[in-house]
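Here the structure comes first, spelled out in structure tokens, and everything after it is commentary.
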């Protein structure tokens, strides 16, 4: 038999999201937003703490952490100012979709529950998800929960069950300096040729995008000093399910030839079963709200890639919002969808 504690003040997801959107929180500068969400959650009855990595942990109820249901969101956003405004039923602002909207829905849904003394619900606003996932890397060393919902936009009627992996690396070609009008290829020429081979041979063109390695060049720099010139590319490799990071890196190294490679971060692709309790709870909740559950595998990555291999618990990814608006200047969320997504999360938490 469960034991109930005092019930806190239920949060309104739209009001909470509006508040959080008004505090910019690009990766590496989340302290003001973290303080605000901690204060709002504390006023609503959550037990709040900030860990050594900067994650905000908001706990509802008590009991053994191994029995907890964890809702893992993130507070940091990509850069870019989007004025906060409500227009035609949509709330605009950086982070409205990715991922302050899902975080606000989770906090509001949890605040509607009875506070049980035998099973806590823990909502985490992680830091650095848009960077190297330093917050999640810290969390994965803790006690695995009984169930996990990662808070990323999927649409209110859609559950994400998989993500590609990712390797972030740099490749540098160095050679002796030569006259630009001479016949020898320069460092930048050699690097560009190697990148073209990487994109052509490693990525390919057949099949669905989610099933292929994606090659993305995010930066190119050229430097010259002391008779030596070097060209460096910052590269992301998105790795499909069924492919291992080490194997893809080996192929990339061969295609990049004499370039010096430095790996900055990596994570394997991950997938969860549709039959696990977290996915089933969300699917039933979507049906109860009048939807037909849909499932998707995303082409990017999330903190699920970091924590799931360590925790090995029942897991799913869910959140209201259109993920096509992630990172764009059009980022906004439909208020009605935000509220429906909150209802879905509440029902799923009650089932779990």
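Kindly indicate whether any position in region 320-334 is assigned to a helix (DSSP H, G or I), touching a strand residue (DSSP E or B) at 6+ places or on another chain (Cβ under 6 Å) and touching a residue at least 24 places away in the same chain (Cβ under 8 Å). Scanning region 320-334 turns up no residue that is assigned to a helix (DSSP H, G or I), touching a strand residue (DSSP E or B) at 6+ places or on another chain (Cβ under 6 Å) and touching a residue at least 24 places away in the same chain (Cβ under 8 Å).
Residue-wise test of (1) in the same structural domain as residue 116 (by TED's automatic domain parsing); (2) at pLDDT below 95; (3) farther than 25 Å from residue 281 by Cα.
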site	(1), (2), (3)
33	yes, no, yes
63	yes, yes, no
66	yes, yes, no
71	yes, no, no
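Determine whether region 70-90 contains at least one residue that is surrounded by fewer than 19 Cβ atoms within 10 Å (Cβ to Cβ), in contact with a strand residue (DSSP E or B) (Cβ under 7 Å, 6 or more places away or on another chain), over 21 Å from residue 319 (Cβ atoms) and touching a residue at least 60 places away in the same chain (Cβ under 8 Å). Checking region 70-90: not a single residue is surrounded by fewer than 19 Cβ atoms within 10 Å (Cβ to Cβ), in contact with a strand residue (DSSP E or B) (Cβ under 7 Å, 6 or more places away or on another chain), over 21 Å from residue 319 (Cβ atoms) and touching a residue at least 60 places away in the same chain (Cβ under 8 Å). Does region 133-154 contain any residue that is at pLDDT below 95, in the same structural domain as residue 347 (by TED's automatic domain parsing) and in contact with a strand residue (DSSP E or B) (Cβ under 8 Å, 6 or more places away or on another chain)? Yes: region 133-154 contains one or more residues that are at pLDDT below 95, in the same structural domain as residue 347 (by TED's automatic domain parsing) and in contact with a strand residue (DSSP E or B) (Cβ under 8 Å, 6 or more places away or on another chain).
Does region 109-119 contain at least one residue that is out of contact with any helix residue (DSSP H, G or I) (no Cβ under 9 Å at 6 or more places or on another chain), surrounded by fewer than 20 Cβ atoms within 10 Å (Cβ to Cβ) and outside any loop (DSSP other than H, G, I, E, B)? Don't jump to the end; show me each part of the working.
So the first thing to find is which residues in region 109-119 are out of contact with any helix residue (DSSP H, G or I) (no Cβ under 9 Å at 6 or more places or on another chain), and the list is 114-117.
With surrounded by fewer than 20 Cβ atoms within 10 Å (Cβ to Cβ) added as a condition, the list becomes 114, 116-117.
This time we only want the ones that are outside any loop (DSSP other than H, G, I, E, B), so: 116.
Looking for residues that are out of contact with any helix residue (DSSP H, G or I) (no Cβ under 9 Å at 6 or more places or on another chain), surrounded by fewer than 20 Cβ atoms within 10 Å (Cβ to Cβ) and outside any loop (DSSP other than H, G, I, E, B), one finds at least one in region 109-119, hence yes.
If only residues of region 199-214 that are at pLDDT 80 or above and part of a loop (DSSP other than H, G, I, E, B) are counted, the one that is surrounded by the most Cβ atoms within 10 Å (Cβ to Cβ) is 213.
Within region 301-314, the set of residues being crowded, with 24+ Cβ neighbours inside 10 Å and touching a helix residue (DSSP H, G or I) at 6+ places or on another chain (Cβ under 7 Å) comprises 303, 306, 307.
Could you please find all residues in region 218-263 being touching a residue at least 60 places away in the same chain (Cβ under 8 Å), assigned to a helix (DSSP H, G or I), closer than 22 Å to residue 174 by Cβ and in contact with a strand residue (DSSP E or B) (Cβ under 9 Å, 6 or more places away or on another chain)? Even if it seems obvious, please write down each step before you answer.
First pass over region 218-263, keeping only residues touching a residue at least 60 places away in the same chain (Cβ under 8 Å): 232-241, 243, 245, 248-249, 252, 255-263.
Checking which are assigned to a helix (DSSP H, G or I) leaves us with 245, 248-249, 252, 255.
Imposing the further condition that a residue be closer than 22 Å to residue 174 by Cβ reduces the set to 249, 252, 255.
249, 252, listed by residue number.
Entry remark, region 315-339: residues being surrounded by fewer than 24 Cβ atoms within 10 Å (Cβ to Cβ) and within 15 Å of the chain's Cα centre (by Cα) number 6 in total. All conditions in (1) within 22 Å of the chain's Cα centre (by Cα); (2) without any contact (Cβ under 8 Å) to a residue 60 or more places away in the chain; (3) in a loop (DSSP other than H, G, I, E, B) hold for residue 185, with the sole exception of (1). Under the condition of being in contact with a strand residue (DSSP E or B) (Cβ under 6 Å, 6 or more places away or on another chain) and either surrounded by 23 or more Cβ atoms within 10 Å (Cβ to Cβ) or at pLDDT 95 or above (or both), the residues counted in region 279-300 number 5.
Residues of region 47-69 being in a loop (DSSP other than H, G, I, E, B), in contact with a helix residue (DSSP H, G or I) (Cβ under 8 Å, 6 or more places away or on another chain) and surrounded by fewer than 23 Cβ atoms within 10 Å (Cβ to Cβ), which ones? Once the filter is applied, which keeps residues that are in a loop (DSSP other than H, G, I, E, B), in contact with a helix residue (DSSP H, G or I) (Cβ under 8 Å, 6 or more places away or on another chain) and surrounded by fewer than 23 Cβ atoms within 10 Å (Cβ to Cβ), region 47-69 yields 51, 52, 53, 54.
The values are calculated or read from the model by the stated rules, or taken from the named source; none is laboratory data. No experiment lies behind these values; they were computed from the predicted model shown. Neighbour counts are summed over all protein chains in view; Cβ atoms, including those assigned to glycine, are modelled from backbone coordinates with ideal geometry.
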